[in-house]
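The values are calculated or read from the model by the stated rules, or taken from the named source; none is laboratory data. Being a predicted model, the structure only gives us computed values, none of them experimental. Here the Cβ positions follow ideal geometry from the backbone for every residue, glycine too, while neighbour counts run over all protein chains shown.
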Amino acid sequence: HRTDLASHDLSVPGREGIQVRVDFDRGAFAPKHSHPGEEIAHVLQGTLEYQLADQQPVRLNAGESLFIPAGTPHSARNVGT
């Protein structure tokens, strides 16, 4: 479930900053995809597992963040309760 929170043009021409909240149901999986800009993921509650490109999966718990470089294929899964 995605909720758009804020959107604003950045000081770099042609770039926009977007802030969203994504709520994953238990066991939900977001298949591998990429974005043209950088992404910063922050877990508010629960545990998510991210896989960036072909790297080993990384688990994030509540309060932890992850930087995803522009164009990096990644997936996410709710592995918590």
* To do: Starting from region 56-73, keep only residues that are aromatic (Phe, Trp, Tyr), then list their pairs with residues that are at pLDDT 95 or above and part of a strand (DSSP E or B) whose Cβ atoms are within a distance under 6 Å, requiring at least 6 positions of separation or different chains.
  => 67/40
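Residues of region 59-75 being surrounded by 11 or more Cβ atoms within 10 Å (Cβ to Cβ), within 10 Å of residue 41 (Cα to Cα) and either modelled with pLDDT under 95 or not β-branched (Val, Ile, Thr) (or both), which ones?
Residues of region 59-75 that are surrounded by 11 or more Cβ atoms within 10 Å (Cβ to Cβ), as a first pass: 59-62, 64, 66, 68-69, 71-75.
Next, from what is left, pick out any that are within 10 Å of residue 41 (Cα to Cα): 60, 64, 66, 68.
Correct list: 60, 64, 66.
Please enumerate the residues belonging to region 38-81 that are part of a loop (DSSP other than H, G, I, E, B), of a type in the set (Ser, Thr, Tyr) and farther than 15 Å from residue 28 by Cβ. Full working, then the answer.
Filtering region 38-81 for residues part of a loop (DSSP other than H, G, I, E, B) gives 38, 43-46, 53-57, 62-64, 69-73, 79-81.
Next, only the ones that are of a type in the set (Ser, Thr, Tyr) stay: 72, 81.
If the condition is that a residue be part of a loop (DSSP other than H, G, I, E, B), of a type in the set (Ser, Thr, Tyr) and farther than 15 Å from residue 28 by Cβ, then 72 is the only one that fits.
Which count do you get for residues in region 39-57 that are among the hydrophobic types (A, V, I, L, M, F, W, C) and surrounded by 14 or more Cβ atoms within 10 Å (Cβ to Cβ)?
To start, the set of residues in region 39-57 that are among the hydrophobic types (A, V, I, L, M, F, W, C) comprises 40-41, 43-44, 48, 52-53.
Subset that is surrounded by 14 or more Cβ atoms within 10 Å (Cβ to Cβ): 41, 43, 48, 52.
Here the count works out to 4.
Could you check, for region 2-15, whether at least one of its residues is part of a strand (DSSP E or B) and touching a His at 6+ places or on another chain (Cβ under 9 Å)?
No, region 2-15 has no match at all.
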* Asked: Which pairs do you get when a residue that is small (Gly, Ala, Ser), found in region 34-52, comes within reach of a residue that is assigned to a loop (DSSP other than H, G, I, E, B), reach meaning Cβ atoms under 7 angstrom, with the pair 6+ apart or on two chains?
  -> 34/71; 34/72; 34/73; 37/15; 37/70; 46/62; 46/80; 46/81
* Please work out if residue 21 is within 10 Å of the chain's Cα centre (by Cα) and basic (Lys, Arg). => yes
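Within region 30-42, can one find any residue that is touching a Phe, Trp or Tyr at 6+ places or on another chain (Cβ under 6 Å) and of a type in the set (A, V, I, L, M, F, W, C)?
Of all residues in region 30-42, those touching a Phe, Trp or Tyr at 6+ places or on another chain (Cβ under 6 Å) come to 40.
Okay, now just the ones that are also of a type in the set (A, V, I, L, M, F, W, C), so 40.
For region 30-42, residues touching a Phe, Trp or Tyr at 6+ places or on another chain (Cβ under 6 Å) and of a type in the set (A, V, I, L, M, F, W, C): present.
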* Structure fact -> Expected single match for surrounded by 10 or more Cβ atoms within 10 Å (Cβ to Cβ) and either touching a residue at least 12 places away in the same chain (Cβ under 8 Å) or within 17 Å of residue 65 (Cβ to Cβ) (or both) among 30, 6 is 30
